[in-house]
Amino acid sequence: MAWKLADRTLDLAQPLGAGIVNVTVDSMFEGSRSGTPEQAVADGLALAEAGFEMLDVGAVAAKAGPPVSAEDEAAALVPAVEGLVHRFHALGPYEGPNRGNDAAPPVSADTFSVEVARRALAAGASVVNDISGGSEEMFELVAETGCGYVLMHIEGPPRVDRPWRDYGDIVDHLRAWFEGRIELARELGVADEQIAIDPGLDFDLSPAQDLEILRRLAELRALGLPLYVSLSRKDFIGATLAGSWEERLPAREREWGTVAAVTLAVREGADILRIHDRSSLQAMRVAGEICHPARSAA
């Protein structure tokens, strides 16, 4: 399987790690708050040096909160994207450990604003990671630019808390939801090769639903598109470790629960893991080699 981005096509014979860079002071995990574009560039370079194959850069925390204007979001996100892309180009061929090639890691823009996405792509991003579930305007931008696109399941506006819903069979529901959104994207000119799908763990989903999705990831991968799984230090991990949602462990105490979830997600077919930590990156690599030797040799 492969994933077409704006400037390259990624080989997904083995799972890839997307390192998280947050140009924020309020993201859920304090260990990944870069605060300023300059710090985000330094933090992103460190993740690339550690071997992450992609960097996912965002400037608005996903947790519930007041709206952030496109201008304020772009003021933080665009210089960070531009700075990373510029530094990678200035460094020349980039040889991070285990990268498998000498290309600098692509940069994705974590935004659901079409205006901000457009500016980030112009600054050198090659992927839009959209937690809004997609819109006609966003699909048109993706078709126009040829960038990679992460389509995440959500059924309501981002950054708004909602009660958990009973979807019946959650995996069947996700399959049908993705099929509908992908068909709309196709009608607006987006190629299947550009799309990766993200089940949106923790977004509108209970811990029990998140765990069921992870058990059955292979059923989502059967849709034939790259499977992008963002699970690092998520609330469902904290709830599972504590035994209840109300007493869930804070994000800083979820590292090794994340390692377990990453390992099993790879076994079930995850192609791109959006993660914070080098421990998860190591788990992803070893699990990939153990679980998918045929994919590695292909």
* Structure fact -> residue 229 passes all but one of the listed conditions (1) on the phi < 0 side of the Ramachandran plot; (2) surrounded by fewer than 24 Cβ atoms within 10 Å (Cβ to Cβ); (3) out of contact with any Asp or Glu (no Cβ under 6 Å at 6 or more places or on another chain); the exception is number (2)
* Asked: Which residue out of 42, 64 is aliphatic (A, V, I, L, M) and over 23 Å from residue 280 (Cβ atoms)?
  -> 64
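A quick yes/no check of all residues on (1) out of contact with any helix residue (DSSP H, G or I) (no Cβ under 9 Å at 6 or more places or on another chain); (2) free of Cβ contacts under 8 Å to residues at least 12 places away in the same chain; (3) in a helix (DSSP H, G or I); (4) not aliphatic (A, V, I, L, M):
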{"position": "239", "(1), (2), (3), (4)": "no, no, yes, no"}
{"position": "248", "(1), (2), (3), (4)": "no, no, no, yes"}
{"position": "258", "(1), (2), (3), (4)": "no, no, yes, yes"}
{"position": "281", "(1), (2), (3), (4)": "no, no, yes, no"}
* Asked: So which residues in segment 8-59 are among the β-branched types (Val, Ile, Thr) and out of contact with any strand residue (DSSP E or B) (no Cβ under 8 Å at 6 or more places or on another chain)?
  -> 36, 41
* Set 42, 75, 64, 18: member being at pLDDT 90 or above and outside any helix (DSSP H, G or I) -> 18
* Structure fact -> Residue hits (segment 14-34; surrounded by 14 or more Cβ atoms within 10 Å (Cβ to Cβ), in contact (Cβ under 8 Å) with a residue 12 or more places away in the chain and over 20 Å from residue 262 (Cβ atoms)) are 23, 24, 34
* Structure fact -> Checked pairs for segment 55-69, first touching a residue at least 40 places away in the same chain (Cβ under 8 Å), second of a type in the set (Phe, Trp, Tyr), C-beta under 9 Å and 6 or more apart or across chains, list as 60/112; 62/203
* Out of 283, 239, sole residue that is buried (at least 21 other Cβ atoms within 10 Å of the Cβ) and within 18 Å of the chain's Cα centre (by Cα) -> 283
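The values are calculated or read from the model by the stated rules, or taken from the named source; none is laboratory data. All values reported here derive from a predicted model rather than from experimental measurement. Glycine also receives a Cβ, built like all others from the backbone with ideal geometry; neighbour counts cover every protein chain displayed.
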